[in-house]
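Structure, as C-alpha cells:
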Amino acid sequence: MALDFGTCFAPTSYSGRKTRFVIEYLAWNEAVSVNGLTKYFQFAKNDQKKRASFVLPEGATYRCQFTTKLITQHPSAESFLSDFKKENPAITDYYIRYYVMDDKGLDIPLVPNVSDITSNTAIEEVKEGLGGVIKLALIGGIGYWIYKEISKNGKQE
C-alpha cells in the first residue's frame, strides 16, 4: 500500500527542518488507541486537534513545486498508518486523513509559516526554480532567433 498524497509536480528535497507525518481523525468522536505507536521517533498525540504524529527521518520529505505541500514515501510513514489502522480497526479511511507538515509550521499543511517565506532556503529554492526557467527561455529565444534568421536568409536568395 503506497501512500497517496495526490498530484505533485516535480518534488524537490526538503531538508534542514524537522517534518512530521500526521494522521488526523477529526471526524472520529470515540477514543483512539495509540499504545503501539509510541515506538516511532518523537511520537506525539494531540487529543484537542485529534491527531497522532511522529518525526520523519532527515531527507525523507519532499516539497512539491509551485505549492507548499510536503510529501514522503518513507516506509516508516506507511507502517505508522498501518499500525494506526490495526490498533483502531473501527476507524476506516473515511474518518482519517494523513499529511506531512513542518514541525514548527502551521497546523494547516498547505499554508507556509512566515519563517518558510522569509528563510534563506525558500529564497534559494525560488532562485533555483527561476534559474532553470530563465535558462530555458534564453535558449528557446536564441533558437527561435536563429530559426528566423535562417528562414529569412533562405527567402532572400
Given (1) of a type in the set (S, T, N, Q); (2) under 15 Å from the mean Cα position of the chain (by Cα); (3) open to solvent by 50 Å² or more (accessible area, probe 1.4 Å); (4) closer than 16 Å to residue 3 by Cα, index of the condition residue 61 fails: (3)
Return a yes/no flag: does segment 24-44 have any residue that is under 19 Å from residue 6 (Cα atoms), among the polar types (S, T, N, Q) and open to solvent by 60 Å² or more (accessible area, probe 1.4 Å). no
Flagged pairs (Cβ under 9 angstrom, 6 or more apart or on separate chains; first in segment 24-52, on the phi > 0 side of the Ramachandran plot and basic (Lys, Arg); second open to solvent by less than 40 Å² (accessible area, probe 1.4 Å) and assigned to a loop (DSSP other than H, G, I, E, B)) are 50/25; 50/28; 50/32
Those residues of segment 69-128 which are of a type in the set (A, V, I, L, M, F, W, C), part of a helix (DSSP H, G or I) and modelled with pLDDT under 55 amount to 114, 117
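The values are calculated or read from the model by the stated rules, or taken from the named source; none is laboratory data. Keep in mind that this is a model prediction, so the values were computed, not measured. A quick note on method: Cβ atoms are made from the backbone with ideal geometry, for glycine too, and the neighbour counts reach across all protein chains shown. These accessible areas exclude ligands, DNA and RNA; they are computed on the full protein's heavy atoms, side chains included. Shrake-Rupley method; radii C 1.70, N 1.55, O 1.52, S 1.80 Å.
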